[in-house]
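Enquirer: Take a look at this one; I'll ask things after.
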Amino acid sequence: MSISAYREITDWSDSEYYVPNHTYLFDGKSNILAYAIEGTNEVTVFKKPLKVSTTRRKFEKVKHKALDKLAKTLQSEEKTLQSTNPQWQVKSDSGKVYTVELIGGKYSCNCVGYGYRNSCRHSKEIAEMNK
């Protein structure tokens, strides 16, 4: 995940309201993880990433002391979480490769079947292999 700070530079002069251009911490997609109020280091962190439309809005990548520090912390936490859970790659009959992960003593898979049933052939295969 490429977490970076972007300052909004959208021209809101045609709006009848004052719209401040804050600095946002994006997750590499169009999800905002946090933002800093315009011209400050006061950061608000969202509990869940906030999906935002960037249509007709302009942003520039910037260095922001508080948001950059938060980004490093989030990236470090993600690496720690990724490295603590054992993972296996399983090739399906169709040739697709799925990832089975051991989380809290339970095997989970990123295939569609597991998403529906909380169980699949891939996770069962790895669980049997590791008995």
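Enquirer: Could you point to the residue in Thr54, Asn110, Leu33 farthest towards the positive end of the chain's charge dipole, with +1 and -1 charges on the Cβ of Lys/Arg and Asp/Glu respectively?
Expert: The one lying farthest along the dipole's positive direction is Asn110.
Enquirer: Working from Cα positions, state the angle (0 to 90°, nearest 10) between the long axis of helix 65-84 and the longest principal axis of the chain.
Expert: Tilt of helix 65-84: around 0 degrees.
Enquirer: Too long at a 18 Å Cα-Cα cut-off: which of Lys51/Lys72; Lys29/Lys96; Lys51/Lys106; Lys29/Lys51; Lys48/Lys106?
Expert: Working: Lys51/Lys72 21 Å; Lys29/Lys96 24 Å; Lys51/Lys106 30 Å; Lys29/Lys51 9 Å; Lys48/Lys106 24 Å.
Lys51/Lys72; Lys29/Lys96; Lys51/Lys106; Lys48/Lys106, as the Cα separations exceed 18 Å there.
Enquirer: Here is a follow-up. Top mean-square fluctuation among Asn21, Asn41, Asn118, Gaussian network model of the chain, C-alpha springs under 10 Å?
Expert: Checking each option, the largest mean-square fluctuation is seen for Asn118.
Enquirer: Here is a further query. For every helix of n ≥ 4 consecutive DSSP H residues, a contribution of -39,500 (n - 2.57) applies; sum these over the chain, divide by its total residues, and give [θ] at 222 nm rounded to the nearest 500 deg cm²/dmol.
Expert: Values: 3 runs with 35 residues, N = 131.
Rounded to the nearest 500, it is -8000 deg cm²/dmol.
Enquirer: Rank-order 43-54, 23-34 by packing density, defined as the average count of other C-beta atoms within 10 Å over each peptide's residues, highest first. Could the numbers behind the result be given before it?
Expert: On the way: 43-54: 11.1, 23-34: 18.5.
Result, highest mean Cβ count within 10 Å first: 23-34, 43-54.
Enquirer: Also, I was wondering about something else. Taking the Cβ of each residue in Tyr17, Tyr98, Tyr35 as the centre, tally the other Cβ atoms inside 10 Å and list the residues starting with the fewest. Could the numbers behind the result be given before it?
Expert: Values: Tyr17 5, Tyr98 19, Tyr35 22.
With the fewest neighbours first, Tyr17, Tyr98, Tyr35 line up as Tyr17, Tyr98, Tyr35.
Enquirer: Translational diffusion coefficient, Stokes-Einstein: compute it for the range 4-83 using the Kirkwood radius over C-alpha pairs as Rh, at 10 °C and 1.306 mPa s, and state it as an integer in µm² s⁻¹.
Expert: Here the translational diffusion coefficient equals 119 µm²/s.
Enquirer: Using θ = phi - 60° and the Karplus relation 6.51 cos²θ - 1.76 cosθ + 1.60, list the HN-Hα couplings for the range 94-101 in order, rounded to whole Hz, with x at every Gly or Pro.
Expert: Computed from phi, the couplings for the range 94-101 are 7, x, 6, 10, 10, 9, 9, 10 Hz.
Enquirer: Just to be sure I understand the model, the point goes 7 Å from the Cα along the line to the Cβ. What's the resulting Asn31 to Val62 distance in nm?
Expert: So the label points at Asn31 and Val62 sit 2.4 nm apart.
Enquirer: Tell me, what HN-Hα J-couplings in whole Hz come from the Karplus equation 6.51 cos²θ - 1.76 cosθ + 1.60 at θ = phi - 60° for each residue of the range 114-131, using x for Gly and Pro?
Expert: Residue by residue, the range 114-131 yields 5, x, 7, 10, 6, 7, 7, 4, 5, 5, 5, 4, 5, 4, 5, 5, 9, 6 Hz.
Read-outs throughout are calculated quantities, based only on the coordinates presented, and are distinct from any laboratory measurement. Just so you know, these numbers come straight off a predicted model, no measurement behind them. Heads up, the Cβs are rebuilt from the backbone with ideal geometry, glycines too, and the neighbour counts pull from every protein chain shown.
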